[in-house]
Structures are given as structure tokens and as C-alpha cells.
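A.B. asks: Take a look at the following structure, please.
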Amino acid sequence: MQVINGVLRALELAGIMGWDVLWGLNLGFMIAAIVDVAVSKEEMGRLMPDSSPRSIGIAMGLGAASSSCSYAAVAMGRSIFRKGGDFSAVMAFQFAATNLVIELGILLAIFIGWQFTLAEFVGGPIMIAFVVLLFRLLLRPRMVDDARSHADKGLRGSMEGHAAMAAMKKSGSILSRIISRNGMTAISHFYVMNWQMLWKDILGGLLIAGALGAWVPKSFWESLFLSGHHSLTVVWGAVVGPFVAILSFVCSIGNVPLALILWNGGISFGGVIAFLFADLLIIPILNIYRKYYGKKMAGLLFVVFYLAIVATALIVDFVFGRIGLIPSFRGLSTVTPEITLNYTTILNVVFLVASALLGVRFLRTGGPAMLREMG
């Protein structure tokens, strides 16, 4: 009976967290779909010819205007690289596509607080700058040539079709792409595609967070994260945060519920940021790097990304601490203890209706066939 009660408590907590962020997910995916339709990305390789500040800036902008799915970002990154894009710029694009997107910011604000959203968007460019700098120090032309040879083999990773769809040519003005009949159809397709790409990560993140919140005592987390040891807690949180992400196997916005559990458990502010930034280091994606670019480059990517993440997390923790933007409260009260008639319920109903309308349009305009073609 105790086991059953524990399982039910974990499912209840996961359900409550899911309900609290449902409207935010729908809003984020709708905005992402509109941006995907409005912003043309078919010539991204030409726009990222080198690792100059201009190319890196363009890479970050295009990444932020892309899907938040880590797998799709990595697949699109290889496509850009094969079309002549600079390797450092491609990696900047990947990080921006998974850490500087609007839906991630919305969820962070709902789950943990606006301070974490701000830290994510402040830390993202810093981390990308570290990645570019480390590549200039460690990346050799021969390694890039070998990586391009591997990339040109065309070995399949994950979400290849979704990445191809996002990079399709778009015609007409930005306004016409959005408000025309074809534009609304495209928005519905991208909206459903976003859900199709990420529902497993979202569900997995909620279930894992529910289980950890219900079953793991706070004392375990406090011991693991060396809570209460001041500077040591800060450093250790940044060091261990990425490894928690790697072992979770959950990426993208699916990490946000887990971030709440870690923050409640006593990890440092920078540790949460390091955990969130490490969604491109989970084991399945490391294996995709190996397929795409070879073992040596996959190993270098792990080292460079990890060092950049830790350095950025420490800087963000220090700066936010000095200006008083690190929240003092730790707890699950940011998630309502039960489902009631409040603003969350009203917003969920509104966005569920909007989602249903987009879903109907998707079904009536060949959407299922499109998903089948993309595998």
C-alpha cells in the first residue's frame, strides 16, 4: 500500500506541475510556430561563413528563432555545416536554439521564477562566447575537415525531417507568411510539429520530477549539492549540474520541471543554470555527435561545452548574487498544490481551445501525411 501511495503521489505531483505549465507550453509553441513561419532560414550556411562576431550574432538570432527541440537543433546544425556554415557558428546556433527560445523562458518563469529566465538569457550569450573562444584555442583545421567528411556521409540521427521542414524556403512578406491561408496552415503544422518533437521530453521530465519530488528526501539533495557551504556550494553546483542533466536523459524544456526539484533540493543558482545549459550534452545527443562528426570531435565537443557551461554558471551566480537577484525562497509553492478555478485554469482553457483550432486545421490540411513523410 505504501508503494502504491508513493506512485500515486508522484503521478499527482507530475500532473499538477503539467497543469500549471500547460498554458505556457501552448503559448510558447504558438509563438515558436509563428516565428518558424515568419523567419526564413533556408540560406543559413551562407549567413554563417566564419566565426566573426557578426556570424555568431546571426547564428544566435536564427537559433533563438528556431525550435527548442535539442535533437532538431543538432540535426539542423549538421545541415548548416554541410552547406558551408562555420563549425563554431553552427554550435552557437545549436545553443541558442535550445537555450534562448521563448518557450523555455516562459516555463522557467512559471516554474521557478523570472530570475532564472533572466539568467538563462543573460548566460546564453556568455556561454556561446566561451564556446567560440575555446574552439579558437583547441579546434584545428584538420579536425574540422574530418568532421565535415563525417557529416557528408549523411548518417541519420534524430528529428532529421523536422529540421528539414524548419529550413524550407519561405516566400512572400513576413506579414503574408503569417496571416494568409497558407500561413495559418503552416503555423498549425509547425505548432503540431513542436508538440510531436517534444512531448516525450516534456512527459519524461514531469514524471521524473514527480518521482524525485515525491520519493527523494530533501536531505539527500542537500547532501549531494553540499548545501550550506557557501562558496563551495556555488562551485560544486556548477560542476555537478551538467552531470545531473547528462544522467537524466531529458533535454530541452523537459528539463525545467527537474530544475525546480533541484532548486528545491538545495543546488546553487548557478547549478540550476549549468543543469539547464547541459541539454546538448545528454548521452543520446553525444552519440549523435559521434555519428555526425566522428569520435574525436564528439569528445572535443563534450570538453568544450562542459567547460563553457561551468564557467558561465559561475559567472552568472556571482553577478546575480552581487546584485541581489538570486531568490532566497526554495520550495514547490511556485506550483499550486491542487487544480482549482484560478487564472491558470482560465488560461489553460483558452489555450486548449486555440490548440484545438490549430489541431483541426492541421488534420484538414494534410498534416498527418507530412509527419509520416518526415519519419
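A.B. asks: List every residue pair whose Cβ atoms lie under 6 Å apart, where the two residues are 6 or more positions apart in sequence or sit on different chains, the first residue falls within region 173-198 and is under 21 Å from residue 369 (Cβ atoms) and part of a helix (DSSP H, G or I), and the second residue, located anywhere, is of a type in the set (D, E, K, R) and at pLDDT below 75.
C.D. replies: So the pair list comes out as 183/177.
A.B. asks: Looking only at region 312-369, which residues are of a type outside the set (S, T, N, Q) and at pLDDT below 85?
C.D. replies: If we filter region 312-369 for residues that are of a type outside the set (S, T, N, Q), which is where we start, we get 313-327, 329-332, 335, 337-339, 341, 343, 346-347, 349-354, 356-364, 366-369.
Of everything in region 312-369, those that are of a type outside the set (S, T, N, Q) and at pLDDT below 85 turn out to be 329, 330, 331, 332, 335, 337, 338, 339, 341, 343, 367, 369.
A.B. asks: Given (1) in contact with a helix residue (DSSP H, G or I) (Cβ under 7 Å, 6 or more places away or on another chain); (2) farther than 25 Å from residue 256 by Cβ; (3) surrounded by fewer than 22 Cβ atoms within 10 Å (Cβ to Cβ), where does residue 52 come up short, assuming only one miss?
C.D. replies: (1)
A.B. asks: Which pairs do you get when a residue that is over 21 Å from residue 106 (Cα atoms) and touching a residue at least 40 places away in the same chain (Cβ under 8 Å), found in region 49-73, comes within reach of a residue that is charged (D, E, K, R) and part of a helix (DSSP H, G or I), reach meaning Cβ atoms under 8 angstrom, with the pair 6+ apart or on two chains?
C.D. replies: Pairs found: 51/136.
A.B. asks: Collect the residues in region 1-48 that are modelled with pLDDT under 85, more than 30 Å from residue 354 (Cβ to Cβ) and not in a helix (DSSP H, G or I), keeping them in residue-number order.
C.D. replies: Of everything in region 1-48, those that are modelled with pLDDT under 85, more than 30 Å from residue 354 (Cβ to Cβ) and not in a helix (DSSP H, G or I) turn out to be 1, 43.
A.B. asks: Okay, next question. Would you point out the residue of region 211-233, among those that are among the hydrophobic types (A, V, I, L, M, F, W, C) and buried (at least 20 other Cβ atoms within 10 Å of the Cβ), that is farthest from the chain's Cα centre (by Cα)?
C.D. replies: 225
A.B. asks: Next question, about the same structure. Of all residues in region 287-302, count the ones that are in contact (Cβ under 8 Å) with a residue 40 or more places away in the chain and in contact with a helix residue (DSSP H, G or I) (Cβ under 6 Å, 6 or more places away or on another chain). Talk me through it step by step, then tell me what you get.
C.D. replies: At the first step, the residues of region 287-302 found to be in contact (Cβ under 8 Å) with a residue 40 or more places away in the chain are 288-289, 291-294, 296-297, 300-301.
With in contact with a helix residue (DSSP H, G or I) (Cβ under 6 Å, 6 or more places away or on another chain) added as a condition, the list becomes 288-289, 292-294, 297, 301.
The qualifying residues number 7.
The values are calculated or read from the model by the stated rules, or taken from the named source; none is laboratory data. Just so we're clear, the structure is a prediction, and the values are computed from it rather than from any experiment. Note that each Cβ is placed from the backbone with ideal geometry, even for glycine, and that neighbours are counted across all protein chains shown.
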